[in-house]
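Participant: I'd like to ask some things about the structure below.
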Amino acid sequence: MTADVRRVEDNEFFTWLDLYAGYGEFYETPITDEKALLVWSWITDPASGVEAYFAVDEEGTPIGIAHVREFARPLDGSKGLYLDDLFVVPDARGAGAGTALLEELRTVAKDRGLSVVRWITAKDNQEARKLYDRVAEKTKWVTYDLVP
């Protein structure tokens, strides 16, 4: 299977929602209506900076999503592209959709003059980490959350 990547369009809420809900299920984080509508409002508002991409199969059916946003890198004096979420439906995993999404994000970053595409993943997400180890460099940084 090969996958193409394209931006999510304004009229694709329910298609996007199916994939986003699958992502939430994978991480055991339910996607409430309120959360879905809020995230969709970000995706459809160019001023928010949040973008969404679909990986689509040969028939044009979305089989994966990626949510990204630009971020400042003050110490580096540059900007990067942050990958908040990447999800591929279970039946399509291992067939290139995740790679296609990451390669498209690499191209987007390069075209915009950004210095890096960065993301985090769960330590136990072994299947995704095989892909990430193949296409990117694992950093030495440890992530922390400070909850207000």
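What follows draws every value from the coordinates through simple rules; no lab data is involved. Model, not experiment: these values are computed from the prediction. Every residue, glycine as well, gets a Cβ built from its backbone with ideal geometry; the counts of neighbours run over all protein chains shown.
Participant: How much length is gained on full extension from THR15 to ARG106, taking 0.36 nm per residue of separation minus their Cα-Cα distance?
Facilitator: Numbers: separation 91, 0.36 × 91 = 32.76 nm, distance 2.43 nm.
Working it through step by step, the gained length comes to 30.3 nm.
Participant: Quick one: work out the % antiparallel among DSSP beta bridges in the chain, nearest 5. Intermediate values should be presented prior to the final figure.
Facilitator: Numbers: 20 of 22 bridges.
Roughly 90 percent of the DSSP beta bridges within the chain come out antiparallel.
Participant: DSSP loop trypsin sites (Lys or Arg not before Pro) in segment 25-103 with at most 16 other Cβ atoms within 10 Å of their Cβ, which ones?
Facilitator: On the way: sites: LYS35, ARG69, LYS79, ARG93; in loops: ARG93.
Listed in order of number, the matching sites are ARG93.
Participant: Related question: When the chain is modelled as a GNM with alpha-carbon springs shorter than 10 Å, which of LEU86, LEU75, LEU37 fluctuates the most?
Facilitator: LEU75
Participant: For Cα pairs less than 8 Å apart in space and 6+ apart in sequence, what is the mean separation divided by the residue count of the chain, i.e. the relative contact order in percent?
Facilitator: Relative CO of the chain lands at 22 percent.
Participant: Then there's this: Report the label-to-label distance for VAL147 and ASP84 in nanometres (one decimal), using points 7 Å from each Cα along the Cα→Cβ vector.
Facilitator: With each label point 7 Å from Cα toward Cβ, the separation is 1.9 nm.
Participant: Which net charge results for the neighbourhood of TRP119, defined as the other residues with beta-carbon distances under 10 angstrom from its beta-carbon, given Lys and Arg at +1 and Asp and Glu at -1? Could the numbers behind the result be given before it?
Facilitator: Numbers: positive: ARG118; negative: ASP84, ASP85.
Neighbour charge sum, excluding TRP119 itself: -1.
Participant: In the P(r) worked out for segment 4-111, what percent of Cα pairs fall beyond 16 Å?
Facilitator: Pairs farther apart than 16 Å: 59 percent.
Participant: Among ALA128, ALA47, ALA92, which one moves the most in a GNM of the chain with springs linking Cα atoms closer than 10 Å?
Facilitator: Of ALA128, ALA47, ALA92, the Gaussian network model singles out ALA47 as fluctuating most.
Participant: Shifting gears a bit: Across the chain, how many lysine pairs, 8 or more positions apart or on different chains, have C-alpha atoms separated by under 14 Å? Please give the number.
Facilitator: Step by step, the pairs that qualify in the chain add up to 4.
Participant: Quick one: the Cα spread of segment 79-130 along its three principal axes, in angstroms, biggest first?
Facilitator: Sorted largest first, the three principal extents are 34, 22, 15 Å.
Participant: Hey, with R₀ at 25 Å, roughly what FRET efficiency would ASP91 and ASN125 work out to, going by the Cβ-Cβ distance, to 0.05?
Facilitator: 0.90
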